[in-house]
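The values are calculated or read from the model by the stated rules, or taken from the named source; none is laboratory data. What you are looking at is a predicted structure, and each value in this text was computed from that prediction instead of being measured. So basically every Cβ, Gly included, is an ideal-geometry build from the backbone, and we count neighbours across all protein chains shown. Remember, those area values only see protein heavy atoms, side chains included, never the ligands or the DNA or RNA. Shrake-Rupley method; radii C 1.70, N 1.55, O 1.52, S 1.80 Å.
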Amino acid sequence: MRAFDYVSPTSTRQAANLLSSTWGNTEILAGGTDLLALMKEDVVTPKRLVNIKEIADLRGVKSDSSGLRIGSLTTLAEVAEDAGVREKYPAFAEAVREAASPQIRNMATVGGNLCQRPRCWYFRNGLGLLPKDESGKELVEEGDNRYHAILGNDGPARFVSPSTIVPVLIAYGAKVRLEGPKGKRELPLEKFYVIPKTDRDREHDLLPNEIVTEVVIPAANGWKVAHYEIRQKAAFDWPLAVAAVALKMDGSSVQAARVVLGHVAPTPWPSPQAEAALKGQPANEDSAKKAADAALANAKPLSQNAYKVQLARVAVKRAILKAAGGAA
Amino acid sequence: MSTTTHQPQKSEISFTVNGQRATVHAHPMERLLDVLRQQVNLTGVKEGCGEGECGSCSILMNGVLVNSCLVPILQANDADIITIEGLASQDRLHVLQQAFLDCGGAQCGICTPGMILAAFHLLSKNPQPSREEIGEALSGNLCRCTGYTQIFESVAEAARRSTGR
């Protein structure tokens, strides 16, 4: 690794003031499970590392009138074991328990999970978020794109958004709270993710000197929520497709639905098409299949990932049926 | 708030490892894995992948199982660490170590310290785990020799011996 300053602020305000206003100069260190590998490979080369683990305010799960508030430094293991999360947001608890490995969940934080960088192998090999060769040819389009995007991939971004817990958080209607030198702001979680247009952009709406402070999940009363992942390995693997579904039932028919896909696009991918297909229908095999077809109707696979379209369809269908059969 | 530069200055860092106080001088982002092996001579901590995938460098830090290849040494300041060397008492093996011996849970041995520490962490929270819970608790530890069956059996056997069942 290269030389850099290492600072350990004890408040969010201090930390924000230590972060640079442009990307590339500084990085935030929390659990370190993603950042250390990126630094070892010279994918990121910060001049200053801001260790935020000493900021006690950012830790822990609290409950108030806005819902459940999860501090960004709370580890995935702490979330998975939290009684309130398991009782009121079981689909979220399940998604967290399925993420990574026990060792990683003991270190990795919720804020870090939201901000983790894409797994695209061109990016991880230092070729950039929107990798091109000298002649300007797009490497993902021309190369090995078996794990890349099938939706929202008109370019130039073709990586997939890596978090496996964000789709279900969006299905629960979660918001993210940020703090920077200019103060605090709150965003619906789906608005936190953006498709970068140039190599200078990032894949989220965070400013370079802002910090994720909290995730807030509103009360899930009346919503039945489920999370479903398709992977090659049963444990410790990145999914090929993720679907999260929230259903509000009116008797036996769907009054409202939220359908969010993961690992299919450069952002978590809410599907208004699938939501419209479910509305007013009974939640059964037939309506689930129609909604899944609607969710993938606009899919445009790259040269090697057409198989992901069918996997994503199956994930959506199974998540709908799982939500319909399950508790809130 | 503290400010340090990664290079060339080293920081003084103290922690407890297997019940003994240790003080080392290291760059802030040196890996706990390297410090334990090279400065504290605890070579039971094994490096496999170096990126958190294989679990062979697993240790307990403040009671939780972590990959020591992903812990910058500065984050281990004041921590309470347990490595494989801390499990046996005098010349008596820990019940998990004896069960791994008796059940053929170790072959080449590289994954064994991490496997045993992951199992130790599991049994400390759940003394009678199901087969599924054993699999889940060891899912961050790769073994390329045994096919896992004997490892799972070793953990189940240790659980039986320590709960008297």
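Name the residue, out of A:Leu114, A:Leu127, that is away from chain B (no Cβ under 14 Å) and touching a His at 6+ places or on another chain (Cβ under 8 Å).
Answer to the check: A:Leu114.
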### Query
Among (1) in contact with a helix residue (DSSP H, G or I) (Cβ under 8 Å, 6 or more places away or on another chain); (2) at the interface with another protein chain (Cβ under 10 Å from one of its Cβ atoms), which single condition is B:Ile73 missing?
(2)
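Table: residues versus (1) buried (at least 19 other Cβ atoms within 10 Å of the Cβ); (2) touching a Lys or Arg at 6+ places or on another chain (Cβ under 7 Å); (3) more than 14 Å from chain A (Cβ to nearest Cβ).
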site: B:Gln97; (1), (2), (3): yes, no, yes
site: B:Gly105; (1), (2), (3): yes, no, yes
site: B:Ile110; (1), (2), (3): no, yes, yes
site: B:Leu138; (1), (2), (3): yes, no, no
site: B:Cys143; (1), (2), (3): yes, no, no
site: B:Arg161; (1), (2), (3): no, no, yes
### Query
Restricting attention to region A:5-22, which residues are open to solvent by 60 Å² or more (accessible area, probe 1.4 Å) and either within 8 Å of chain B (Cβ to nearest Cβ) or in a strand (DSSP E or B) (or both)?
A:Thr10, A:Gln14
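Output the residue which, of all residues in region B:16-31 that are part of a loop (DSSP other than H, G, I, E, B) and open to solvent by 30 Å² or more (accessible area, probe 1.4 Å), is farthest from the other protein chains (Cβ to nearest Cβ).
Restricting to residues being part of a loop (DSSP other than H, G, I, E, B) and open to solvent by 30 Å² or more (accessible area, probe 1.4 Å), the top hit is B:Gly19.
Return yes when A:Ala220 is more than 18 Å from A:Arg318 (Cβ to Cβ) and either open to solvent by 30 Å² or more (accessible area, probe 1.4 Å) or free of Cβ contacts under 8 Å to residues at least 24 places away in the same chain (or both) and no when it is not.
no
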### Query
Somewhere in region A:23-45, is a residue crowded, with 21+ Cβ neighbours inside 10 Å, away from chain B (no Cβ under 14 Å), touching a residue at least 40 places away in the same chain (Cβ under 8 Å) and of a type in the set (Val, Ile, Thr)?
no
### Task
Being open to solvent by less than 10 Å² (accessible area, probe 1.4 Å), without any contact (Cβ under 8 Å) to a residue 12 or more places away in the chain and outside the structural domain of B:Val155 (by TED's automatic domain parsing) narrows it down to one of B:Val66, B:Val35, so name that one.
B:Val66
## Note on the structure
Here the residues within region B:115-139 that are in a helix (DSSP H, G or I) and among the small types (Gly, Ala, Ser) are B:Ala118, B:Ala119, B:Ser124, B:Gly135, B:Ala137
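State whether one or more residues within region B:87-106 are assigned to a helix (DSSP H, G or I), touching a residue at least 12 places away in the same chain (Cβ under 8 Å) and touching a Pro at 6+ places or on another chain (Cβ under 7 Å).
no
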### Query
For residues in region B:69-95 being of a type outside the set (A, V, I, L, M, F, W, C) and within 25 Å of B:Arg144 (Cβ to Cβ), which is surrounded by the fewest Cβ atoms within 10 Å (Cβ to Cβ)?
B:Glu85
### Query
Quick check: is even one residue across region A:98-119 in contact with a Phe, Trp or Tyr (Cβ under 7 Å, 6 or more places away or on another chain) and among the β-branched types (Val, Ile, Thr)?
no
### Scan of region A:220-239 for residues that are modelled with pLDDT under 95 and touching a strand residue (DSSP E or B) at 6+ places or on another chain (Cβ under 6 Å), ordered by number
A:Gly222
### Query
Which ones in region A:276-297 are part of a loop (DSSP other than H, G, I, E, B), open to solvent by 70 Å² or more (accessible area, probe 1.4 Å) and closer than 16 Å to A:Ala243 by Cα?
A:Ala297
### Query
How many residues are among the basic types (Lys, Arg) and out of contact with any strand residue (DSSP E or B) (no Cβ under 7 Å at 6 or more places or on another chain) when one looks only at region A:65-87?
1
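Rundown of residues vs (1) surrounded by 23 or more Cβ atoms within 10 Å (Cβ to Cβ); (2) closer than 30 Å to A:Gly71 by Cα, yes/no style:
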site	(1), (2)
A:Thr109	yes, yes
A:Asn113	yes, yes
A:Arg117	no, yes
A:Cys120	yes, yes
A:Phe123	no, yes
A:Leu127	no, no
A:Asp133	no, no
A:His148	yes, no
A:Pro156	no, no
### Query
Scanning region A:48-75 for residues that are within 20 Å of B:Ile73 (Cβ to Cβ) and basic (Lys, Arg), which turns out nearest to the other protein chains (Cβ to nearest Cβ)?
A:Lys53
